[in-house]
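Trainee: Structure below; questions to follow.
The values are calculated or read from the model by the stated rules, or taken from the named source; none is laboratory data. Keep in mind that this is a model prediction, so the values were computed, not measured. No Cβ is skipped: glycine too gets one built from the backbone with ideal geometry, and neighbour counts run over all protein chains shown.
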Amino acid sequence: MSIAATVGLPIITGIPACIHDGFVALERLRGANKNFLLYALKAGESELRSAGQTGSQSNVNTAIVKGLRIALPPEPEQERIAEVLADVDRLISSLNRVIAKKKAIKQGVMQQLLTHRADRADMTSLGSVTSWLSGGTPNRSNTSYWSGDIPWISATTLKKLEAATSDQLVTPAAVKAGSKMAPLGSTLLLVRGSALHSEIRASLVTGTVCFNQDVKALVPSRNLVPKFLTYSIHGNADRLLRLVTSAGNTAGVLDTQVVKNFQIWMPDRSEQQRLVTLLDDISSEIDVLVSRLVKVTAAKQGMMQELLTGRTRLQSAEVTP
């Protein structure tokens with residue numbers, strides 16, 4: 001178990017290993033099932049971290065680890081508890097694998113269907129089928145601009161396929177003072193920020209939001225299905241990332257004129273809508289799986305709190321998680 005930096009992270013070694021002084025080994029267990037102990041230590045991670053000594057990195061000494069108190073039922077019950085929690089872990093791992101596979105399929109479909117191909121005649125530049133709006137940041141020191149009810153989108157909140165909410169809220173006065181409302185159906189595109197060194201961030205506006213100066217609102221023309229535009233940007237993410245430059249510090253930059261000249265495939269509206277429906281169906285499948293993963297993970301946390309503290313005893317060997 002780690003006792004420095006990532007304090008309290010336990011593992012079971014499957015091979016002979018040596019460790020450095022940032023770890024402690026728990027050997028020759030007496031009256032404790034190793035798998036049960038693994039879960040008990042995982043449950044105690046936050047307690048160990050809070051007891052850690054701060055400095056250049058957090059750490060705990062062996063006395064603190066030895067002082068960690070755990071409920072220790074009879075070994076047969078420990079084994080059953082570990083089996084139940086391991087079953088839940090296997091379900092969580094399975095869901096994660098399926099979600100990753102579905103996301104890869106979705107990205108592959110977008111790249112296959114929406115990216116530039118030399119044999120396509122119906123290519124067009126982004127600038128010719130969109131109009132662009134710039135946002136702004138209200139004065140942070142003016143309290144009348146903040147804690148309102150209008151979501152304000154910045155690089156930190158531009159992370160989902162659709163934009164309708166934000167943890168930062170501004171007032172109508174802030175919008176008048178320099179921020180900008182994003183039209184429904186426009187696509188918000190991050191054009192400046194450190195995130196651009198690794199990913200393209202674009203969201204379809206589905207609610208009342210405004211945005212800052214690091215984001216552009218791309219308003220589609222009548223011949224462009226709004227969500228097709230959003231999906232097109234994500235489908236061309238690899239090509240767009242190659243256009244990112246540096247601003248002399250940690251920020252990445254997508255030059256507005258360069259992006260306006262960027263070529264996208266633009267079939268007729270009926271074909272655009274067909275592809276949007278296809279990708280929405282895949283997205284819905286992913287959303288269902290993610291929702292289930294969240295519920296199973298929360299259920300596991302509740303089970304650990306009950307079973308590892310002794311509040312709930314597990315007597316029967318026939319237990320379904």
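Trainee: Could you say which residue among Thr230, Thr250 is surrounded by 15 or more Cβ atoms within 10 Å (Cβ to Cβ) and of a type outside the set (Phe, Trp, Tyr)?
Mentor: Thr230
Trainee: Still on this structure, I have one more. What are the residues in the range 250-292 that are in contact with a helix residue (DSSP H, G or I) (Cβ under 9 Å, 6 or more places away or on another chain) and not in a helix (DSSP H, G or I), if any?
Mentor: Across the range 250-292, the qualifying residues are Thr250, Ala251, Gly252, Val253, Leu254, Asn261, Phe262, Gln263, Ile264, Trp265, Met266, Pro267.
Trainee: Across the range 141-167, what is the total count of residues that are closer than 26 Å to Tyr231 by Cβ and exposed (fewer than 15 other Cβ atoms within 10 Å of the Cβ)?
Mentor: 6
Trainee: Follow-up question, since we're still on this one. Of (1) out of contact with any Gly (no Cβ under 7 Å at 6 or more places or on another chain); (2) without any contact (Cβ under 8 Å) to a residue 60 or more places away in the chain, Val296 satisfies all except one. Which?
Mentor: (2)
Trainee: Assess whether Ala82 counts as being surrounded by fewer than 14 Cβ atoms within 10 Å (Cβ to Cβ), among the aliphatic types (A, V, I, L, M) and farther than 30 Å from Thr157 by Cβ.
Mentor: It is false that Ala82 is surrounded by fewer than 14 Cβ atoms within 10 Å (Cβ to Cβ), among the aliphatic types (A, V, I, L, M) and farther than 30 Å from Thr157 by Cβ.
Trainee: Moving on to the next point. Check Val170, Val129 and return the single one that is of a type in the set (A, V, I, L, M, F, W, C), in contact with a Pro (Cβ under 8 Å, 6 or more places away or on another chain) and within 22 Å of Thr277 (Cα to Cα).
Mentor: Testing whether each residue is of a type in the set (A, V, I, L, M, F, W, C), in contact with a Pro (Cβ under 8 Å, 6 or more places away or on another chain) and within 22 Å of Thr277 (Cα to Cα) leaves just Val129.
Trainee: I'm trying to understand the selection: among the residues of the range 193-213, which are within 23 Å of Gly178 (Cα to Cα), at pLDDT 95 or above and not polar (S, T, N, Q)?
Mentor: Listed by number, the residues that qualify are Arg201, Ala202, Leu204, Val205, Gly207, Val209, Cys210, Phe211.
Residue-wise test of (1) closer than 26 Å to Asp268 by Cβ; (2) touching an Asp or Glu at 6+ places or on another chain (Cβ under 7 Å).
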residue: Ser125; (1), (2): yes, no
residue: Gly136; (1), (2): no, no
residue: Asp149; (1), (2): no, no
residue: Ala155; (1), (2): no, yes
residue: Lys159; (1), (2): no, no
residue: Asp167; (1), (2): no, no
residue: Thr171; (1), (2): no, no
residue: Lys176; (1), (2): no, no
residue: Ser186; (1), (2): yes, no
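Trainee: Go through (1) touching a helix residue (DSSP H, G or I) at 6+ places or on another chain (Cβ under 9 Å); (2) small (Gly, Ala, Ser); (3) part of a loop (DSSP other than H, G, I, E, B) one by one and return the number of the condition Gly207 breaks.
Mentor: Single failed check for Gly207: (1).
Trainee: Somewhere in the range 189-199, is a residue buried (at least 22 other Cβ atoms within 10 Å of the Cβ), touching a helix residue (DSSP H, G or I) at 6+ places or on another chain (Cβ under 6 Å) and either touching a residue at least 60 places away in the same chain (Cβ under 8 Å) or not basic (Lys, Arg) (or both)?
Mentor: no
Trainee: Output the strands (runs of 3 or more DSSP E) that fall wholly within the range 114-194 and possess 1 or more residues being under 19 Å from Val205 (Cβ atoms), or say none.
Mentor: Qualifying strands (runs of 3 or more DSSP E): 130-134, 146-153, 180-182, 187-190.
Trainee: On the basis of being of a type outside the set (Asp, Glu), closer than 17 Å to Ser131 by Cα and touching a residue at least 12 places away in the same chain (Cβ under 8 Å), does Thr230 make the cut?
Mentor: So Thr230 passes the test.
Quick grid of which residues meet (1) over 30 Å from Leu314 (Cα atoms); (2) touching a strand residue (DSSP E or B) at 6+ places or on another chain (Cβ under 8 Å); (3) not small (Gly, Ala, Ser):
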| residue | (1), (2), (3) |
| --- | --- |
| Ala5 | yes, yes, no |
| Ile11 | no, no, yes |
| Cys18 | yes, no, yes |
| Arg30 | no, no, yes |
| Leu38 | no, no, yes |
| Leu41 | no, no, yes |
| Lys66 | no, no, yes |
| Glu79 | no, no, yes |
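For every residue, the table says whether it meets (1) in a loop (DSSP other than H, G, I, E, B); (2) surrounded by 13 or more Cβ atoms within 10 Å (Cβ to Cβ); (3) free of Cβ contacts under 8 Å to residues at least 40 places away in the same chain; (4) not assigned by TED's automatic domain parsing to the domain that holds Val296.
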position: Ile12; (1), (2), (3), (4): yes, no, yes, yes
position: Ile15; (1), (2), (3), (4): yes, no, yes, yes
position: Glu27; (1), (2), (3), (4): yes, no, yes, yes
position: Gly31; (1), (2), (3), (4): yes, no, no, yes
position: Phe36; (1), (2), (3), (4): no, yes, no, yes
position: Lys42; (1), (2), (3), (4): no, yes, no, yes
position: Ser46; (1), (2), (3), (4): no, no, yes, yes
position: Arg49; (1), (2), (3), (4): no, yes, no, yes
position: Ala63; (1), (2), (3), (4): no, no, yes, yes
